Structures are given as structure tokens and as C-alpha cells.
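Trainee: Here's a structure for you.
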Amino acid sequence: MRPRMGSLLLLALALVTAGPSAGESAVRFRLSYPEEAHAGPITGRAFVVISRTNEKEPRLQVGRTGVPFFGRNFDNVAPGDAIVLDASDLGSPVGSLSEIPPGDYFVQGFIKVYSEFPRADGNTVWMHDDQWEGQRFWISAGNLHSVPVRLTIDAEAGYDHELVLDQIIPEVELPPDTAWVKRFRFESENLTKFWGRPIYLGATVLLPRDYERDNIDYPVIYYQGHFQIQDPMRWKEGEDFKRAWKRDHFPRMIVVTFQDPTPYFDTSYSVNSVNLGPYGDAILEELIPEIERRFRVIDEPYARILTGGSTGGWEALAMQFFYPDFFGGTFAYAPDPVTFTNVEGINIYEDVNAFYKQHEWRRVPIANTRETNGEIRLTSKQRNTFELVSGTKGRSGQQLDIWSAVFGPLGDDGFFKPLFDKRSGEIDPAVAQYWRENYDLLHHLKNNWASLGPKLFGKLHVYCGDMDNYYLNVAVKELQEWMRQTENPHYPGVFVWGDGAGHRFGREFSTEAERIRRMAEHVLSMRPDGAPHPWWHFE
């Protein structure tokens, strides 16, 4: 028998007013912080982290292959007010709180504090202001977290847990200077002007034996990569390297690591970009001159050597390509994509989706990370979901987001314009073209070889495993194949491959001391006739 219209209306009203089911809205965490922890109000991103163990705090177990965590943005929340995370919030590697299997877990709440950046380009953005931790916001000073607690989670039964974030992460403590290692940092005029807040650059410097005694100048190795405050070349724990560095018959050089964290990532990629600002200018016009003022380096191009692995490998190549008259050679290990036909599995010029390859009727997930035996560790979608949960609008502090920030155009909202949608994977071909024209290193070489070739001759050394864990070998191979065909001048560069080796090949096939010797020999071969070389003790 058909119900009357009035009965249908009452049924609809009952469904609306009854509230969501227990499996949805009743799955809830309420996060708050006391005024003693932060005077407030806070704009930022809140997280709930869930772990089966508490050997390390749950927040310290988050990673690309780590424990489940869930995030939500919030604006202007005062002390004592609740930030609610529920089943609607995206998580990684578990998509929703409603999908956590029933059980007892260690749970921790976390707040990543955002600051206002009134930029010189007219855009105002809210981002995490690096506290000299390199955008590792889980350990960044001033961010808040709760004490881990053991809670019962059962989405079917529902729950409503409160977490009080009364723990404040303390300031980073820099290691003290020693006779061998010196540190400094300063506020960058160029970058502060761009971002509208103080932005700092710094360096950690490893000095050669007898630096204080011998009144001579030395070649300098700029060792680039991810942010670190540890000693260059792992000096503190590298006993074998220490013994070599202190020997009589070892080249005397200075090794410098840059510190250039940005509001997007732990390093700037050492180039100018519309989203990060004039980091290339700041490094060449502020940081390196400060290094050359403080320390006795040979301030000539032949004596400035670039090196680094992974991110640092890309930086070491890019700075040599974009500033060929300033540097005398580059030794790049497993560099990030030197051409964007393979960006951790994605061909941004041909693929229409960053998560799947389309082969006629078959749609295949794109692999992002692999083991050297070929086993897939992460897909592109999984990797990008992890980044999206870590931060929206590119504020994850992670790898794909920083590439979009450095390589991509400015978006209408003041953040970068994404190469692809992090939920659907759909690629924007106009953004891909912007990447190509501005930061594709192979494309840059092809378009400028007539002028660049003579300046790069004899300076390029690239090392890579042919089973790189992030597929970076694919782009390196393409670069090598093109360089083999160069003319006027013909210069194939130096490429060294590790058979079956992964991402760390360049740093594993030889020791730190052997790499220093190789770079010293290069400097010696490039020095002008008659240039003194008292620093050369490797004879």
C-alpha cells in the first residue's frame, strides 16, 4: 500500500533531523589547545595521528610509508575552542577515520601553525614559517601536540574523543662550532623583501687541515641537498673520512653546505621562481659573497665546484647550467628529473593523468617508488594523497609540491598553479608547458647549446643507478643520449652508471674521500696556467 504524502514528508524530516549515522558523524576527534601553549588565535592545519605502537611518538612515525594520519585546515581558532576532525577528513594511507579497524591505538593530536606572508607580488598567503628545521613541521618549534594516549577506536560503534594539545615543540639547538666546522646564518634582504617576513640563509663550512696556520686560499665545494645542520660530509661520525681529511697527502679544500629553507620546502632548488622568489639571486649575490668574505676561498670560477645528490644533484646541475660562468664544474648524483618526460613515473608532456597510464583499453596505475628488485613501494596516487593530507595548496613540505612550486606558474590564489589535480590526477597541459620552457634542464641545453656548450665543456659529471628508486635514471639516460649527439662543441659529458643500483648509488660506489679527490683533480685540471696551487697535497 502506497504511503500518504504526509507520511512521506514526516519520513523525510525524520531522516534530516536524525543526524548522520554512527559510522560517519559519530567518528570524531576534538582538538584544542590552552592559552599557556599559545596565546592564539591560530590559523593552520590540524592532524590526528594513529599508531599501533608508541616506541616513538605517533607524529614521528608519519611518512610516505608510515602510520595513518588525517588533516584539516582551520582559521583563527582561539585557545579552548575545538577543531573537529571526523570521517569526512582525508587521510593517508587510510582514506578515512571510518576505515580504521576497531581496536586500541596510540593517538596524538598535532597543530601546524601558519603565519601570514604579505608578499611583494601583492599576494598574501598563510604558510608554515620555517624555524630552521627545514619544513619538517612535525618537529618545528612552536607547533603544538598532545601527549600520546591509548584510545579505543570503533567506527561502527562511534566515538567522540578529546585531545588537548598542550605540548610545545622547543627551538632547534644548533651544534657548537669547532676548529673544523663553522656555521652562520643571516637575514636575506632579497628574500625578506619578496616574502614580507624575515627569511634566512645560512651555511655550514668544513675547513681543511691547518686552515688557521696556512695563510693560503682554497677551492670550495658547494655540497647541496636537503636542509641539514649536521656537519658537511658527515664529519662528526665519518671516522674514515676524518682520517683521510687530516692526512698529509690529501687535497686541502673547503666544503660548504647551504641552508636555504623556504615556506614550501627544505631547500629552494637554488633558482629564481615566481612562487618562491629570487633564491638564485640571493645565493649568488648574498650567500656566496658572505662565504667568500668570511673564509679564504679562491674566488675564481675554476675553483668553485658544485655537487649533491637527488635534490642536490638537480641543484648542482641547474646552477652550472644557469650560471655557467660562475662555477667550474659539477658532480651530480642521482639528480631529480633533468627532463620532465619522467617525473617519478609521470610524463608531464604526454600523460593526461598523473595517477594512471592509459594504454588503449587498459588503465594502469603509475608507480612512484620501487625497490631495486622492481617491487613497487608506492603508486603516484598514494604518494600524492600523502602530500595532500600533509598540506593543501602545496603546503605539505614534500617533493611533488616543491617541484610544482619551483617549476610552475603562479596561481590566482597566490599559491602555485598545480601541474595536476591531487584528487583526480588530471594534468594541466598549459602548466606542463610552463615547466618545460623554464626549468626542464635538457630542454634548456637544447635551446642554448650554441652559447652554453663551450662554457660547459669538461664540467659535467653525472652518476646514477639504473634502478633508481624514483625512476630518476630515465631522465638521466635521456640527457646522456642527447649529449652523445651534441655538436659545436661535441661534448658527451661524463656519465657513470650503477648496474642494478638504486637511488644511493652515487654515494655508495665511492667514499666521501674518493669524491673529494676526484673534485680536487678536476679543479687542478681546470686552473689557469700559472695559477698557484699550494692547496694541492695529494701527490
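Trainee: How many angstrom lie between the Cα centre of segment 371-437 and the Cα centre of segment 246-294?
Mentor: Going from one Cα centre to the other spans 25 Å.
Trainee: Right, something else. How much length, in nm to one decimal, is gained on full extension between ARG30 and GLU156, taken as 0.36 nm per residue of separation minus their Cα-Cα distance?
Mentor: Once the chain is fully extended between ARG30 and GLU156, it gains 43.5 nm.
Trainee: To one decimal place, what orientation-averaged projected area in nm² is obtained for the convex hull of the Cα set of segment 477-534?
Mentor: For the Cα atoms of segment 477-534, the hull's average projected area reads 6.0 nm².
Trainee: Evaluate Rg over Rh across the chain, taking Cα atoms for both radii and Kirkwood's formula for Rh.
Mentor: My calculation puts Rg/Rh at 1.02.
Trainee: Under 8 Å for C-alpha pairs, at least 6 residues apart: give me the relative contact order for segment 301-432, rounded to a whole percent.
Mentor: 16
Trainee: Using alpha carbons only, how many degrees (0 to 90, rounded to 10) separate the axis of helix 512-526 from the longest principal axis of the chain?
Mentor: 50
Trainee: Next question. May I ask for the angle, rounded to the nearest 10°, between helix 5-17 and the longest principal axis of the chain, with both axes built from Cα atoms and the value confined to 0 to 90°?
Mentor: Long axis of 5-17 versus the principal axis of the chain: about 40 degrees.
Trainee: Please state the charge dipole magnitude for the chain, taken about the Cα centre, from unit charges on C-beta atoms (+1 on K and R, -1 on D and E), reported in debye and rounded to the nearest 20.
Mentor: 700
Trainee: For helix 380-390, report the angle its Cα long axis makes with the longest principal axis of the Cα atoms of the chain; keep it between 0 and 90° and round to the nearest 10°.
Mentor: With rounding to tens, the tilt is 80 degrees.
Trainee: Along Cα→Cβ, 7 Å out, is where each label goes; now give me the distance between the ones at ASP412 and THR192 in nm to one decimal.
Mentor: Modelled inter-label distance: 3.5 nm.
Trainee: Over segment 221-311, what portion of Cα pair distances is larger than 20 Å, expressed as a whole percent?
Mentor: Tail of the P(r) past 20 Å holds 43 percent of the pairs.
Trainee: How far apart, in nanometres, would the label points at ARG247 and ASN448 be if each is projected 7 angstrom from Cα along the Cα-to-Cβ direction?
Mentor: Simple spin-label model gives 4.0 nm for this pair.
Trainee: What FRET efficiency comes out for VAL364 versus SER115 if R0 is 35 angstrom and r is the Cβ-Cβ distance? Round to the nearest 0.05.
Mentor: 0.25
Trainee: Over the Cα atoms, compute the radius of gyration (one decimal) and Dmax (the largest Cα-Cα distance, rounded to a whole number) for segment 356-438, in Å.
Mentor: 13.9, 43
Trainee: For SER88, SER380, what ranking results if the residue with the fewest other Cβ atoms within 10 Å of its Cβ goes first?
Mentor: Lowest to highest Cβ neighbour count: SER88, SER380.
Trainee: Between ASP75 and ASP299, how many nm apart are label points set 7 Å from Cα along the C-beta direction?
Mentor: Simple spin-label model gives 4.9 nm for this pair.
Trainee: Place +1 on the Cβ of every Lys and Arg and -1 on the Cβ of every Asp and Glu in the chain, take the dipole about the Cα centre, and give the residue among LEU60, THR341, PHE386 whose Cα lies farthest towards its positive end.
Mentor: Value: THR341.
Trainee: Subtracting the Cα-Cα distance from 0.36 nm times the residue separation, let me have the gained length for LEU174 to ASN215 in nm, one decimal.
Mentor: Extending this stretch completely gives an extra 11.9 nm.
Trainee: For segment 337-460, build the charge dipole from Cβ charges (+1 Lys, Arg; -1 Asp, Glu) around the Cα centre, then report which of GLN433, LEU452, PHE355 sits farthest towards its positive end.
Mentor: Sorting the options by dipole projection puts first LEU452.
Trainee: Give the peptides 221-233, 407-419, 332-344, 29-41 in descending order of average Cβ contacts within 10 Å, highest first.
Mentor: 332-344, 221-233, 407-419, 29-41
Trainee: Determine, for THR385, THR372, THR511, THR257, the number of other Cβ atoms within 10 Å of each Cβ, and report the residues in order from fewest to most.
Mentor: THR511, THR372, THR385, THR257
Trainee: Also: I'd like the antiparallel share, as a percent to the nearest 5, of DSSP beta bridges with both residues in the chain.
Mentor: 65
Trainee: Related question: Given the peptides 430-438, 302-310, arrange them by the average over their residues of other C-beta atoms within 10 Å, most packed first.
Mentor: 302-310, 430-438
Trainee: Under 5 Å between amide H atoms, partner at least 5 residues away or on a different chain: which partners does TYR33 have, H built in plane at 1.01 Å?
Mentor: GLY80, ASP81, LEU165
Trainee: Please list 201-208, 150-157 highest first by mean number of surrounding beta-carbon atoms within 10 Å per residue.
Mentor: With the highest mean Cβ count within 10 Å placed first, the list reads 201-208, 150-157.
Trainee: As I understand it, the dipole of segment 356-438 uses +1 on the Cβ of Lys and Arg and -1 on the Cβ of Asp and Glu, about the Cα centre. Which of GLY374, PHE416, SER404 lies farthest toward its positive end?
Mentor: Highest projection toward the positive end goes to GLY374.
Trainee: Rounded to the nearest 500, what is the chain's calculated 222 nm mean residue ellipticity when only DSSP H runs of at least 4 contribute -39500 (n - 2.57) each, over all residues?
Mentor: -7000 deg cm²/dmol
Trainee: Once the cut-off is 26 Å, how many percent of the Cα-Cα pairs in segment 19-168 end up in the long-distance tail?
Mentor: Looking at segment 19-168, the distances longer than 26 Å represent 25 percent of pairs.
Values in this text are rule-based calculations from the coordinates and carry no lab data. Treat the numbers as computed from the prediction; the structure is a model and nothing was measured. Cβ sites come from the backbone with ideal geometry, for glycine too, and all protein chains shown count toward neighbours.
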